[in-house]
Amino acid sequence: MAGPSEARALVSGIGAAPKQPRHFEDNVLFDDGEGSLRASGCALRLRRTLAGGIVTYKGPRIEGGGVKSRPEVEFSVGDADAAQQVLEALGYRKAFRYEKYREAFSWKDAEIVIDETPIGTFLEVEGPIETIHAAARALGRGPADYVDDSYVALFARTGAPGDMTFA
């Protein structure tokens, strides 16, 4: 994706309705000292926004339908710093931090988000598999354009050290 303006034009062009305005997110992935969550294909994330925090557990990837899918459980927390203290008290430590600006749109029975990250702009479609493929076609994209790597993997490929944060 060339940039957020192009992404916005594409998403608006298919008639997607704004759902959540552009906002900043600071995400920290946690793991234990052995890296067992990542080794098992799972993730534990604390997301900070102006509205508060969200703790998310993502299970291992489920293959099928040509899209990335993972079981996910998340809940809101009023105090993200306290949530981080609890995670650390349970033995989890920061494994990776990434920042992004996100805005969300509704289209049919799916959500389309635009993520502006330090390594580029990405569109994500969440919903039923058929709607994901329909949204991709409407956006002029197909399965060959799908990116199913995590931001951790994408950032690692850049060869940059540390976390994926804005300068």
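Observations
- Here the condition is being in contact (Cβ under 8 Å) with a residue 60 or more places away in the chain and in contact with a helix residue (DSSP H, G or I) (Cβ under 6 Å, 6 or more places away or on another chain); of Gly33, Gly65, it holds for Gly65 alone.
Yes/no per residue for (1) open to solvent by 30 Å² or more (accessible area, probe 1.4 Å); (2) modelled with pLDDT of 95 or more; (3) among the aromatic types (Phe, Trp, Tyr); (4) in a strand (DSSP E or B):
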{"residue": "Glu99", "(1), (2), (3), (4)": "no, yes, no, yes"}
{"residue": "Phe105", "(1), (2), (3), (4)": "no, yes, yes, yes"}
{"residue": "Asp115", "(1), (2), (3), (4)": "no, yes, no, yes"}
{"residue": "Glu124", "(1), (2), (3), (4)": "yes, yes, no, yes"}
{"residue": "Gly140", "(1), (2), (3), (4)": "yes, yes, no, no"}
{"residue": "Ala144", "(1), (2), (3), (4)": "yes, no, no, no"}
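- Residues within the range 83-97 that are more than 21 Å from Ala167 (Cβ to Cβ) and either open to solvent by less than 40 Å² (accessible area, probe 1.4 Å) or modelled with pLDDT under 95 (or both), tallied: 3
- Residue ID - nearest to Asp81 (Cα to Cα), chosen from residues in the range 22-48 that are in a strand (DSSP E or B) and among the hydrophobic types (A, V, I, L, M, F, W, C): Leu46
- Any hit, the range 42-49, residues being in contact with a Pro (Cβ under 8 Å, 6 or more places away or on another chain), without any contact (Cβ under 8 Å) to a residue 60 or more places away in the chain and either of a type in the set (Gly, Ala, Ser) or open to solvent by 60 Å² or more (accessible area, probe 1.4 Å) (or both): no
- Here the range 85-127 is the region considered, the condition is being among the acidic types (Asp, Glu) and more than 18 Å from the chain's Cα centre (by Cα), and the residue that is farthest from Asp26 (Cα to Cα) is Asp109.
- Selection of the range 23-44 for residues being farther than 15 Å from Lys94 by Cα and among the polar types (S, T, N, Q) yields only Ser40.
The values are calculated or read from the model by the stated rules, or taken from the named source; none is laboratory data. Just so it is clear, the structure is predicted and the values come from calculations on it, not from any experiment. Methodologically, a virtual Cβ is constructed for each residue, glycine included, from the backbone with ideal geometry; neighbour enumeration extends over all protein chains shown. Calculation scope for accessible area: heavy atoms of the full protein, side chains included, ligands and nucleic acids excluded. Shrake-Rupley method; radii C 1.70, N 1.55, O 1.52, S 1.80 Å.
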